[in-house]
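The values are calculated or read from the model by the stated rules, or taken from the named source; none is laboratory data. Worth saying up front: this structure is predicted, and the values here are computed from it rather than measured. All Cβ positions, even for glycine, are placed from backbone atoms using ideal geometry, and neighbour counts span all protein chains on display.
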Amino acid sequence: MKLELTEEQQMIQALAREFAEKEVQPVAGRLDQEARFPHETVKRMGELGFLGIAVPEAYGGAGADPVAYVLALEEIAKVCASHAVIMSVNNSLYCDPVLKYGTEDQRRKFLTPFASGQKIGCFALTEPQAGSDASNQHTLAVPDGSRYVLNGRKAFVTNGREAAAALVVAQTDAAKGRHGISAFLVEKGTPGFLVPKVEDKLGIRASDTAEFVFEDCRVPAENRLGSEGMGFKIAMSSLDGGRIGIAAQALGIAAGAFERSVAYAKERKAFGVPIGQHQMVQWMLADMATAIDAARLLVWRAATLKGAGQPFGVEASMAKLFASEMAMKVTTDAIQVHGGYGYIKEFQVERYFRDAKITQIYEGTSQIQKLVIARHLLGTQ
Amino acid sequence: MKIVVAVKQVPDTATQVKIGADSKGIDPAGITWIVSPYDEFAVEEALRVKEKRGDGEVVVVTLGPERAKEALRTCLAMGADRAIHLNDPAWEAADSLAVSRALAAVIRQEGPQLVFFGRQAIDDDMGAVSTQVAEFLGWPCASWIMEETVAADASSVRVARQVEGGLEIFDIPLPCVLSAQKGLNEPRYPTLKGIMGAKKKEIRDVKAADLGLGADGPRLSVVALEGLPPRPPGRILSGEPAAAAKELVRSLREDAKAI
Ligand SMILES: Cc1cc2nc3c(=O)[nH]c(=O)nc-3n(C[C@H](O)[C@H](O)[C@H](O)COP(=O)(O)OP(=O)(O)OC[C@H]3O[C@@H](n4cnc5c(N)ncnc54)[C@H](O)[C@@H]3O)c2cc1C
Ligand SMILES: Cc1cc2nc3c(=O)[nH]c(=O)nc-3n(C[C@H](O)[C@H](O)[C@H](O)COP(=O)(O)OP(=O)(O)OC[C@H]3O[C@@H](n4cnc5c(N)ncnc54)[C@H](O)[C@@H]3O)c2cc1C
């Protein structure tokens, strides 16, 4: 076993760190408070290649690998979890499936501009009644000549307001249940594609989470991704990759809060010594560091397997489950180390605490990850 | 137009430098190495000249141990076309004169029209190499430049260099040597594509013998590195603000003789 990053991976990590600290850090707190989408820095992320990290150069990507992807995500999330999820969704839930399942024409139109960051993409699976129970799709796509007519409602779409196109999952044959689900690439501005609402959230407030409504929205048949009935499989395999991204995001959130805690523990004095000299504070810091490292190893393993073309679904679930639970605990303790100041916005760890929560929920709640892992162990469906 | 940029790998500015056991060098343990920041201005400017002219080649060169390749790869990732690594144990103890002689020799082989340096490396801050190289080559040189414009016919370059209170503007015939001052430009980040493409670009190892140079003992030898004496602890004036202010003024005047 070798735990060594390649020179390229180290350079990409260093680039992500420098970019995050120099360009994202100065704006992160304000974007959070104003719940404002970071157009400028996301454009810069695109120019640098962060929005299509593992997409081949031929399709506008950087041609790097999943390990480079999680390294970059961790560094970005250390500074701002909103930037991290914008990046993760575009890479894992949009570009990845278009690359994997798209035709050459679809890749040219729906991948190249998105991997190179000129446009951003989104992924619309969840519906009001279909969250954890994702196959309970009510959105219908009915064939009509050379088109499909979409009707229905999608909830909680990350990048939903800002995206130029969406990967939309819908039922083409309700009688077949999950085997009657298909996936479509739908352009913004298509008549009948509405974005009536953007949510006001606890955390990741600079990332937009939108509701979609489809009202007799006509989508060209050539925009169907994969064959009819393949949609649920496409969605689930995208989420396998996406979970590695969210695990890396959770890891970064925790690592960012931890770094601030160590610095604070060296500076803040109570009872005549820096609080880091108190054993109970040391205890918290030691536990935080250990849990973060354990999560990092799980994330790296899942990414390495994906990069090697090996099965990685259960490893991705383990990484996501562990990293997101860890991030919640670590950010709670980070506030604790900061005492009263941790509760105050100016000290920023409270933002990490609010941002950590979503990682236990989206792309499969912690309960659903346990379900996936247990099914794998027991060989049940 | 062919442009050579000389770069040096130095400890990261955030590094807490420790003096090594022999007290003649620094302890390399735990150091993160970077391209010296002034050299990044030099690389950036060379890339801009090339981009503006729409053709040309940017060649980066460094003299240093094996690890200095990382610095070259960073420059390649930024967009330089190829790299030359003066990499030979013969140069282990090289002083600035020996480094300059080696760089001048490889620059003579390459025959560029323009050579960029940073104004100084941020590790030993000697700032000697660019002018020494120009002297070896017999080429004109402008140091600490803030602006440059290469003439359309590539016969000369107009540069503005920083002087007390303003800019001094020159026309210099090519080939020439320029050294970059902060403010010349804002260096770009390498892109991910640049990083992934850097491995495919050439880094040529060059030995002293390839340049017709022998082992060249340093003219300048380091006697010792000494740390700064620890700062005496500060003094905190307590008591009533009015009395403390009075004591502060007295102390600044009589003890520190600062006012
Ligand atoms: C900010 C944000 C961004 C999002 N981005 C996207 C996006 O880009 N695209 C997208 O498609 N979706 C997105 N989602 C939706 C997200 O994936 C869902 O919210 C998530 O899957 C949970 O579904 P739900 O909210 O309907 O909760 P429910 O499924 O109603 O779950 C409620 C509770 O019940 C538990 N539960 C449910 N079923 C079981 C079970 N079988 N066993 C044990 N416990 C169970 C859950 O774990 C949870 O604790 C986003 C959500 C948020 C909040
Ligand atoms: C919203 C809010 C409302 C408040 N309201 C009031 C109020 O009305 N009136 C008032 O007087 N105060 C108030 N406070 C102050 C509050 O009581 C203090 O913040 C709290 O006592 C912690 O002190 P501190 O913030 O200075 O943290 P610190 O004392 O600096 O503690 C930092 C960390 O070090 C740990 N630590 C410190 N000493 C030790 C030790 N010896 N051994 C082990 N661990 C140690 C702490 O447990 C903590 O984890 C309020 C604070 C907030 C945030």
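Brief remarks follow.
- For the stretch A:366-381, a tally of residues being within 9 Å of ligand 1 (Cβ to nearest atom) and surrounded by fewer than 16 Cβ atoms within 10 Å (Cβ to Cβ) returns 3.
- When the residues of the stretch A:126-157 are filtered to those that are among the small types (Gly, Ala, Ser) and within 8 Å of ligand 1 (Cβ to nearest atom), the one that is surrounded by the fewest Cβ atoms within 10 Å (Cβ to Cβ) is A:SER132.
- Evaluation of A:PHE123 against the conditions (1) within 11 Å of ligand 1 (Cβ to nearest atom); (2) under 18 Å from A:LEU225 (Cα atoms); (3) surrounded by fewer than 19 Cβ atoms within 10 Å (Cβ to Cβ) shows that the sole unmet condition is (3).
- Strands (runs of 3 or more DSSP E) lying entirely in the stretch B:63-171 (those with 1 or more residues that are of a type in the set (Lys, Arg)): B:82-86, B:156-163
- Residue-level analysis places A:ALA206 among those that are within 30 Å of A:ARG351 (Cβ to Cβ) and touching a Pro at 6+ places or on another chain (Cβ under 6 Å).
- Here is the figure for the stretch A:271-307: residues that are in contact (Cβ under 8 Å) with a residue 60 or more places away in the chain and near ligand 2 (Cβ under 9 Å from one of its atoms) total 1.
- Considering the stretch A:14-30, the residues that are among the acidic types (Asp, Glu) and touching a helix residue (DSSP H, G or I) at 6+ places or on another chain (Cβ under 7 Å) include one that is nearest to the other protein chains (Cβ to nearest Cβ), namely A:GLU23.
- Checked against the criterion of being within 16 Å of ligand 1 (Cβ to nearest atom), touching a residue at least 12 places away in the same chain (Cβ under 8 Å) and polar (S, T, N, Q), the stretch A:352-364 contains one or more residues that satisfy it.
- Filter result for A:ILE335 (within 16 Å of ligand 2 (Cβ to nearest atom) and surrounded by fewer than 24 Cβ atoms within 10 Å (Cβ to Cβ)): yes
- Residue in the stretch B:226-247 that is in contact with a Gly (Cβ under 7 Å, 6 or more places away or on another chain) and either away from chain A (no Cβ under 14 Å) or crowded, with 17+ Cβ neighbours inside 10 Å (or both) present: no
- Check on A:ALA206, within 12 Å of ligand 1 (Cβ to nearest atom), at pLDDT 95 or above, outside the structural domain of A:ALA250 (by TED's automatic domain parsing) and in contact with a Lys or Arg (Cβ under 7 Å, 6 or more places away or on another chain): yes
- Evaluating A:THR6 against the criteria (1) within 12 Å of chain B (Cβ to nearest Cβ); (2) hydroxyl-bearing (Ser, Thr, Tyr); (3) under 25 Å from A:ALA210 (Cβ atoms) leaves one unmet condition, (3).
- Unique match (being within 21 Å of B:LYS24 (Cβ to Cβ) and of a type outside the set (Phe, Trp, Tyr)) among B:GLY54, B:GLY64: B:GLY64
- Qualifying residue in the stretch B:27-47 (condition: buried (at least 22 other Cβ atoms within 10 Å of the Cβ) and not in a helix (DSSP H, G or I)): yes
- B:LYS18 meets the conditions (1) without any contact (Cβ under 8 Å) to a residue 60 or more places away in the chain; (2) among the charged types (D, E, K, R); (3) within 30 Å of B:GLN113 (Cα to Cα) in every case but one. The failed one is (3).
- Which listed residue, of A:MET11, A:MET45, is part of a helix (DSSP H, G or I), within 13 Å of another protein chain (Cβ to nearest Cβ), touching a Gly at 6+ places or on another chain (Cβ under 8 Å) and not β-branched (Val, Ile, Thr): A:MET45
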